[in-house]
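The values are calculated or read from the model by the stated rules, or taken from the named source; none is laboratory data. Just so it is clear, the structure is predicted and the values come from calculations on it, not from any experiment. Cβ coordinates were reconstructed from backbone atoms using ideal geometry, including for glycine residues, and neighbour counts include every protein chain displayed.
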Amino acid sequence: MLIRKLYKFENAHIVRNCTTRRCSESIHGHSYKVELIFASGHLDRGQMVYDFGLTKLTIKELIDSFDHAITLWSGDDPEYLAAMKRWSRRWVELPVSPSAEQYARVILLMVDLVLQNTVTVNEEKDVIIKEVIVHETETGYARASREDAFNEKMGKIALELIKFSDGVKEEWSDRHMWEKLLHGDKIINPKKI
């Protein structure tokens with residue numbers, strides 16, 4: 001069975017090396033919509049695949065990290081990166097270009113990491129993030145499956161190279177959340193929210 005959770009965020013970026021000059025040479029923003037598609041062949045004690053309330057915790061905080069922020073590509077010009085970090089309180093640096101396609105892959109891998117490190121308490125079983133759809137505009141989106149996210153032909157995504165600004169981390173419930181996830185620290189879902 002599949003379930004869907006929708007998130008929204010406002011973000012700015014430059015997508016270097018793309019064909020369109022406006023996109024590759026100018027900082028610009030989008031009103032993103034992100035659809036997370038979860039799957040499981042089981043239902044929990046509440047007869048749900050995964051309680052939507054649980055997605056309002058770590059998963060929401062990670063996706064919200066991109067809201068009112070600029071997303072940077074670590075392979076961009078060092079002067080540009082330094083200037084953006086100097087003048088932007090909220091930024092996220094990715095090891096891949098911040099195209100809609102790469103956003104979909106990155107978010108899938110981030111949510112997968114959260115699910116891998118979550119100890120469930122309501123008999124949730126075999127819940128996976130099946131795909132992520134990132135709507136960059138009203139008319140265009142990118143859709144990444146698990147196969148796409150782990151496909152090294154599309155560029156390996158090293159999660160440990162993702163960096164969040166202090167301005168982003170300050171708004172998390174635990175400012176060390178990302179490092180803990182990367183180290184495999186377990187998150188225990190609450191019995192009641």
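Would you be able to say whether some residue in region 112-127 is surrounded by 15 or more Cβ atoms within 10 Å (Cβ to Cβ), among the β-branched types (V, I, T) and part of a helix (DSSP H, G or I)? Checked region 112-127: at least one residue is surrounded by 15 or more Cβ atoms within 10 Å (Cβ to Cβ), among the β-branched types (V, I, T) and part of a helix (DSSP H, G or I). On the basis of being farther than 19 Å from T71 by Cβ, modelled with pLDDT under 95 and surrounded by fewer than 12 Cβ atoms within 10 Å (Cβ to Cβ), does I193 make the cut? Answer is yes for this residue. Screening the candidates T55, T20 for the property of being closer than 30 Å to T120 by Cα, out of contact with any Phe, Trp or Tyr (no Cβ under 7 Å at 6 or more places or on another chain) and hydroxyl-bearing (S, T, Y) yields one hit, T55. Scanning region 133-144 for residues that are buried (at least 17 other Cβ atoms within 10 Å of the Cβ) and closer than 16 Å to S31 by Cα turns up I133, V134, H135, E136, Y141, A142.
Would you call E131 charged (D, E, K, R) and closer than 23 Å to L2 by Cα? Judged against the criteria, E131 is a match. For L81, state whether it is outside any loop (DSSP other than H, G, I, E, B) and surrounded by fewer than 20 Cβ atoms within 10 Å (Cβ to Cβ). Answer is yes for this residue. For region 123-149, the set of residues classified as out of contact with any strand residue (DSSP E or B) (no Cβ under 7 Å at 6 or more places or on another chain), over 19 Å from F52 (Cβ atoms) and touching a residue at least 24 places away in the same chain (Cβ under 8 Å) consists of G140, D148, A149, listed by residue number. Every listed requirement among (1) modelled with pLDDT under 95; (2) closer than 14 Å to I107 by Cβ; (3) not charged (D, E, K, R) is met by G155 save one, (2). F38 satisfies every condition listed in (1) surrounded by fewer than 15 Cβ atoms within 10 Å (Cβ to Cβ); (2) within 19 Å of R143 (Cβ to Cβ); (3) out of contact with any Lys or Arg (no Cβ under 6 Å at 6 or more places or on another chain) except (1). Pairs are defined by a Cβ separation below 9 Å, a sequence spacing of at least 6 or placement on different chains, a first member in region 161-186 that is free of Cβ contacts under 8 Å to residues at least 12 places away in the same chain, and a second member that is assigned to a helix (DSSP H, G or I) and of a type in the set (D, E, K, R); the pairs so defined are D174/E61; D174/K180; R175/D166; R175/K169; H176/K169. So in region 57-78, with the set limited to residues that are out of contact with any Pro (no Cβ under 6 Å at 6 or more places or on another chain) and part of a loop (DSSP other than H, G, I, E, B), which one is modelled with the lowest pLDDT? Among them, the one singled out is L57. Being of a type outside the set (G, A, S) and not in a loop (DSSP other than H, G, I, E, B) is the filter here, so list the residues in region 13-31 that pass it. Answer for region 13-31, where residues must be of a type outside the set (G, A, S) and not in a loop (DSSP other than H, G, I, E, B): H13, R21, R22, C23, E25, H28, H30. Only one of the numbered conditions (1) touching a helix residue (DSSP H, G or I) at 6+ places or on another chain (Cβ under 6 Å); (2) modelled with pLDDT of 95 or more; (3) among the aliphatic types (A, V, I, L, M) is not met by A100, and that is (1). Might you check whether a residue that is more than 24 Å from H68 (Cα to Cα), among the polar types (S, T, N, Q) and not in a strand (DSSP E or B) occurs anywhere in region 156-172? Looking for residues that are more than 24 Å from H68 (Cα to Cα), among the polar types (S, T, N, Q) and not in a strand (DSSP E or B), one finds none in region 156-172, hence no.
Number of residues in region 34-56 that are in contact (Cβ under 8 Å) with a residue 40 or more places away in the chain and not in a strand (DSSP E or B) equals 16.
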